[in-house]
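Novice: Quick one: this structure, given as structure tokens, is what I'll be asking you about.
The values are calculated or read from the model by the stated rules, or taken from the named source; none is laboratory data. Computed from a predicted structure; not experimentally measured. Here the Cβ positions follow ideal geometry from the backbone for every residue, glycine too, while neighbour counts run over all protein chains shown. The accessibility values were calculated without ligands, DNA or RNA, using every heavy atom of the protein model including side chains. Shrake-Rupley method; radii C 1.70, N 1.55, O 1.52, S 1.80 Å.
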Amino acid sequence: MSQTSPALITHWAAGTAYAGRSGRTADVTNPATGAVTGRVALADTSDAEHVIGAARAAATAWANTSLARRTQIVFAFRHLLDARKEELAAIITAEHGKVLDDALGEVSRGLEVVDFACGIPHLLKGGYSEDVSTGVDVHSKRQPLGVVGIISPFNFPAMVPMWFFPIAIAAGNTVVLKPSEKDPTAALWMARLWREAGLPDGVFNVLQGDKVAVDALIDSPDVKAISFVGSTPIARYVYERGSQGGKRVQALGGAKNHMVVLPDADLDHAADQAVSAGFGSAGERCMAISALVTVGPIADDLVAKIADRTRTLRTGDGTRGTDMGPLVTREHRDKVAGYVAAGEAAGAKVVVDGREVRPDGAADGFWLGPTLLDQVTPEMSVYTDEIFGPVLSVLRVDSYDEAVALVNANPYGNGVAIFTASGGAARKFEHDVEVGMIGVNVPIPVPMAYYSFGGWKNSLFGDSHAHGTEGVHFFTRGKVVTSRWGDPATRPTSGLELAFPKNH
Ligand code: NAD
């Protein structure tokens, strides 16, 4: 019986595939079947130098390319991406496992950042003040940084890189993207699309790999800034190592997002939203709701409504029109199932048990159905840890104050939601909570591309959030120019003045 070895998923440098020389690879699997579908190259430091070198070689010419030309290319990329987004969605589903419809949603949210980046001429406009002193004018400008590194997680192989690279490229930087080794093909597909859109070689590059590749990016003197998204321990590490080396770093970390339901909320709406936000993408979203906090006497009623809805969900192969796909790897599936067991052993009530799922998919897929745990308390590991799976934990409290105290005591601060019929309660909540992104009767409050995305506390290290005007600032640096041009007709002389200017 002949067996073909899975294809190599390469790096991308200077507009072409680059196999690398490290000899190291990792298996890439289809989570719905368990089959190995590719082998991704894992860079060593010389591979990283090769890819970073391509970005360095292209940097000056790209920074000096006119705004008009840069914008045309970003617009062409936007057009191609929109026309071929189903192709990219299919790649995401095949390596990540999320259902096709959700993969398409991911691409559409990324596309919105490309839309935003098409407006870069307006976003880069500086200020101008005439005659700040007699005959003296001041203007400001923002210029690109050079080579920037983007390190992304497995859960959004297209959208998270697109939080950063459209703006970085439009602003005149060159990019090295280091995608997750679990689903690396989307990055290569986007690299080819950039080439088709007319982007000069070397402006967008892909470095495949693991910690070795990440460290090489952080330590390279050619890389001026790092945008990282991933788990909190790695985000902290990247932020500390990068900023100690003098780099500009934004490192977005993990999350534990609460949904607080007040007694006056529309419970059917709240139940619908809790199920969608808890189990969409199998809970593998940094903005997923994982802790539902019921306030007062509504708990039994709300849990029953959520349980009924959860039982209707169909788990299975994301290409078959199911509601929820598999988890990304077998190890991750087993880890999440372990959390459910630990919660049960600690006294949580398993209302819906995803371990008993009968999936619509291959026997070797990494299946775990949606799981609802009630009577969870703050010291249980299902609450203290980011599980990153289809597990919704219900915590019961007696008052609004108790709910806010619970949210604020949590070390993460990515997203939070409140469900209520009271505008006053919602207004107070948005003031009181120590969280970066807040939803009012909206469970996953991901900001639009022209606002900025980012959490507080252990969910983000650094000052700048992603995309929006903060993204433009992150990928550029400012200059202010003060100039004096005399009238050639009068040729005024300023005379000597050694003191700080006083007379204007
Ligand atoms: P991860 O931290 O394991 O990996 C993220 C990136 O870091 C990957 O590119 C990976 O190759 C690299 N990496 C892994 N181990 C490393 C190490 N020891 N040293 C240096 N680099 C290393 O995260 P993941 O499992 O791919 O993604 C899920 C995590 O990402 C969750 O914690 C989730 O909350 C978080 N996330 C956060 C946001 C946000 O906006 N805050 C968005 C998406 C995902």
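Novice: Tell me, yes or no, whether segment 325-334 has at least one residue that is open to solvent by 20 Å² or more (accessible area, probe 1.4 Å) and over 21 Å from S231 (Cβ atoms). It would help to see each step written out before you state the result.
Specialist: Residues of segment 325-334 open to solvent by 20 Å² or more (accessible area, probe 1.4 Å): 329-334.
Among the residues that remain, those that are also over 21 Å from S231 (Cβ atoms) are: none.
No, that holds for no residue.
Novice: Would you call H473 more than 16 Å from the ligand (Cβ to nearest atom), open to solvent by 70 Å² or more (accessible area, probe 1.4 Å) and touching a residue at least 40 places away in the same chain (Cβ under 8 Å)?
Specialist: Details: more than 16 Å from the ligand (Cβ to nearest atom): yes; open to solvent by 70 Å² or more (accessible area, probe 1.4 Å): yes; touching a residue at least 40 places away in the same chain (Cβ under 8 Å): yes.
Taking the combined requirement at face value, the residue satisfies it.
Novice: Cβ-Cβ distance below 6 Å, separation of 6 or more or different chains: which pairs start in segment 219-234 with a residue that is under 24 Å from R56 (Cβ atoms) and end on one that is polar (S, T, N, Q) and not in a helix (DSSP H, G or I)?
Specialist: Every condition considered, the pairs that remain are S227/Q250; V229/S152.
Novice: If you scan segment 243-298, which residues turn out to be in contact with a Pro (Cβ under 6 Å, 6 or more places away or on another chain) and of a type in the set (S, T, N, Q)?
Specialist: Within segment 243-298, just Q273 meets the criteria.
Novice: Given the residues D201, D131, D183, which is the only one that is part of a loop (DSSP other than H, G, I, E, B), over 19 Å from the mean Cα position of the chain (by Cα) and of a type in the set (D, E)? If you could, list the steps in order and put the result at the bottom.
Specialist: Working: D131 fails: part of a loop (DSSP other than H, G, I, E, B); D183 fails: over 19 Å from the mean Cα position of the chain (by Cα).
Result of the check over D201, D131, D183: D201.
Novice: Answer with yes or no whether R56 is of a type outside the set (D, E) and out of contact with any strand residue (DSSP E or B) (no Cβ under 8 Å at 6 or more places or on another chain).
Specialist: No, not satisfied.
Novice: Here's something else I'd like to know. Have a look at S464, S483, S422 and point out the one that is open to solvent by 10 Å² or more (accessible area, probe 1.4 Å) and within 16 Å of the ligand (Cβ to nearest atom).
Specialist: Being open to solvent by 10 Å² or more (accessible area, probe 1.4 Å) and within 16 Å of the ligand (Cβ to nearest atom) holds for just one of S464, S483, S422, which is S464.
Novice: Mind checking which residues of segment 226-246 are buried (at least 24 other Cβ atoms within 10 Å of the Cβ) and more than 10 Å from the ligand (Cβ to nearest atom)?
Specialist: Passing the criteria: I226, S227, G242.
Novice: Only one of (1) closer than 30 Å to I91 by Cα; (2) surrounded by fewer than 20 Cβ atoms within 10 Å (Cβ to Cβ); (3) polar (S, T, N, Q) is not met by T377, so which one is it?
Specialist: Just one mismatch for T377, condition (1).
Novice: Let me ask something else. Return the residues of segment 166-195 that are of a type in the set (A, V, I, L, M, F, W, C), over 22 Å from K141 (Cβ atoms) and in contact with a Phe, Trp or Tyr (Cβ under 8 Å, 6 or more places away or on another chain); say none if nothing qualifies.
Specialist: Listed by number, the residues that qualify are L177, A187, L188, M190, A191, L193, W194.
Novice: A follow-up question, please. Being of a type in the set (A, V, I, L, M, F, W, C) and within 22 Å of the chain's Cα centre (by Cα) is the filter; apply it to segment 374-394 and report the residue that is farthest from the ligand (Cβ to nearest atom). Even if it seems obvious, please write down each step before you answer.
Specialist: Keep residues of segment 374-394 that are of a type in the set (A, V, I, L, M, F, W, C), which gives 376, 380, 382, 387-388, 391-392, 394.
So of that shortlist, the ones also within 22 Å of the chain's Cα centre (by Cα) come out as 387-388, 391-392.
Values: I387: 10, F388: 5, V391: 14, L392: 16 Å.
For segment 374-394, the residue satisfying everything is L392.
Novice: Right, another one. From A270, A255, A307, grab the single residue that is open to solvent by less than 10 Å² (accessible area, probe 1.4 Å), away from the ligand (no atom under 16 Å from the Cβ), touching a Phe, Trp or Tyr at 6+ places or on another chain (Cβ under 6 Å) and modelled with pLDDT of 95 or more.
Specialist: One residue alone meets the criteria, A270.
Novice: Out of V107, V138, V114, V148, which single residue is within 17 Å of the chain's Cα centre (by Cα), assigned to a strand (DSSP E or B) and either in contact (Cβ under 8 Å) with a residue 12 or more places away in the chain or surrounded by 14 or more Cβ atoms within 10 Å (Cβ to Cβ) (or both)?
Specialist: V148
Novice: Another question about this same structure. Please find, among V249, V260, the residue that is within 30 Å of G149 (Cβ to Cβ), touching a helix residue (DSSP H, G or I) at 6+ places or on another chain (Cβ under 6 Å) and surrounded by 22 or more Cβ atoms within 10 Å (Cβ to Cβ).
Specialist: Unique residue meeting the criteria: V249.
Novice: Take the conditions over 24 Å from K479 (Cβ atoms), in contact with a Ser or Thr (Cβ under 6 Å, 6 or more places away or on another chain), surrounded by 18 or more Cβ atoms within 10 Å (Cβ to Cβ) and among the β-branched types (V, I, T) and apply them to V160. Does it pass?
Specialist: It is true that V160 is over 24 Å from K479 (Cβ atoms), in contact with a Ser or Thr (Cβ under 6 Å, 6 or more places away or on another chain), surrounded by 18 or more Cβ atoms within 10 Å (Cβ to Cβ) and among the β-branched types (V, I, T).
Novice: Please enumerate the residues belonging to segment 1-27 that are among the hydrophobic types (A, V, I, L, M, F, W, C) and surrounded by 24 or more Cβ atoms within 10 Å (Cβ to Cβ).
Specialist: I9, W12, A13
Novice: Within segment 159-185, count every residue that is touching a Leu at 6+ places or on another chain (Cβ under 6 Å) and more than 9 Å from the ligand (Cβ to nearest atom).
Specialist: Residues flagged as touching a Leu at 6+ places or on another chain (Cβ under 6 Å) and more than 9 Å from the ligand (Cβ to nearest atom) within segment 159-185 amount to 3.
Novice: Sticking with this structure for a sec: Those residues that are open to solvent by 20 Å² or more (accessible area, probe 1.4 Å), closer than 21 Å to G105 by Cα and assigned to a loop (DSSP other than H, G, I, E, B), I need them from segment 431-444; list them, please.
Specialist: Result: N441, V442, I444.
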